[in-house]
Amino acid sequence: MKRHVQTECKWPPPLDLPLPCSPLLPLLDMYCCYLVAAVGLQSLWSLSLAILDIYALSVKRCLQNYQVVALFTIGDGITSTLTFAAACASAGITVLIGNDLNSCAHNNCLEFETATTLAFFSWFAVLPSFLLNFWSLASR
C-alpha cells in the first residue's frame, strides 16, 4: 500500500496534491468553530430563558418590569446578531469552496451547508423574540 506523504501547502496547490491541502481549509474550520460557538451561546441563552419562564409560570410571577425586559432584549439582540453573523460567514465560505473552487468532494460541503442552514433557522426562530421584546421595551 503506497502512502502519500503530504508536503508543505502552497497556493495555488499543485494539481497532483489533494485539495484538503489548500489554505482555505483552516479558514473553513475557523468559521465553522465560530458558527458552533455562536449557536451554542444562542442555545444556552434560549434554554436559560425557557427555564426562567417556566419558573415564573410555576410561581405565578410576572416578568414584565423594565429591567427584565431590557435584559431579555439586549441578550436576544446580541445572540441573534452573533448567530446571523456566524451563519453568513459560514455560508460565504461554503459558497466559495463549493461554487468558486468546485472542491466540495474534498471538504464535506454538505455538512457545512446543513450547519449553516440550521444556523439561519435558529436566527429566524429568535428574531421574533428580539423584535417583540424590543417593541415592548420601546412602547413603555
Report task. Check whether at least one residue in the stretch 90-103 is touching a Leu at 6+ places or on another chain (Cβ under 8 Å), outside any helix (DSSP H, G or I) and open to solvent by 50 Å² or more (accessible area, probe 1.4 Å), and report yes or no. Result -> yes
Requested in this report: Could you tell me which numbered condition Phe72 fails, if it satisfies all but one of (1) of a type in the set (A, V, I, L, M, F, W, C); (2) open to solvent by 50 Å² or more (accessible area, probe 1.4 Å); (3) at pLDDT below 90?
Outcome: (2)
Requested in this report: Would you check if there is a residue in the stretch 56-63 being without any contact (Cβ under 8 Å) to a residue 60 or more places away in the chain, in contact with a helix residue (DSSP H, G or I) (Cβ under 7 Å, 6 or more places away or on another chain), open to solvent by less than 60 Å² (accessible area, probe 1.4 Å) and not aromatic (Phe, Trp, Tyr)?
Outcome: yes
Query raised in the report: Among the residues of the stretch 78-88, which ones are in contact (Cβ under 8 Å) with a residue 12 or more places away in the chain and within 14 Å of Thr117 (Cβ to Cβ)?
Result: Thr83, Phe84, Ala86, Ala87
Report summary line: Checked Ser80, Ser22 against criteria (modelled with pLDDT under 85 and either touching a Gly at 6+ places or on another chain (Cβ under 8 Å) or surrounded by 13 or more Cβ atoms within 10 Å (Cβ to Cβ) (or both)); the one match is Ser22
Query raised in the report: Restricting the search to the stretch 53-88, which residues are part of a loop (DSSP other than H, G, I, E, B) and of a type in the set (Val, Ile, Thr)?
Result: Val59
Query - Filtered residues of the stretch 65-77 (kept if without any contact (Cβ under 8 Å) to a residue 24 or more places away in the chain and polar (S, T, N, Q)) - result: Asn65, Gln67
Query - Given (1) in a helix (DSSP H, G or I); (2) free of Cβ contacts under 8 Å to residues at least 12 places away in the same chain; (3) open to solvent by 60 Å² or more (accessible area, probe 1.4 Å), index of the condition Ala50 fails - result: (3)
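The values are calculated or read from the model by the stated rules, or taken from the named source; none is laboratory data. All of these numbers come straight from a predicted model, not from anything done at the bench. Note that we place each Cβ from the backbone using ideal geometry, even for glycine, and neighbour counts take in every protein chain shown. Surface accessibility is based on the protein's heavy atoms, side chains included, excluding ligands, DNA and RNA. Shrake-Rupley method; radii C 1.70, N 1.55, O 1.52, S 1.80 Å.
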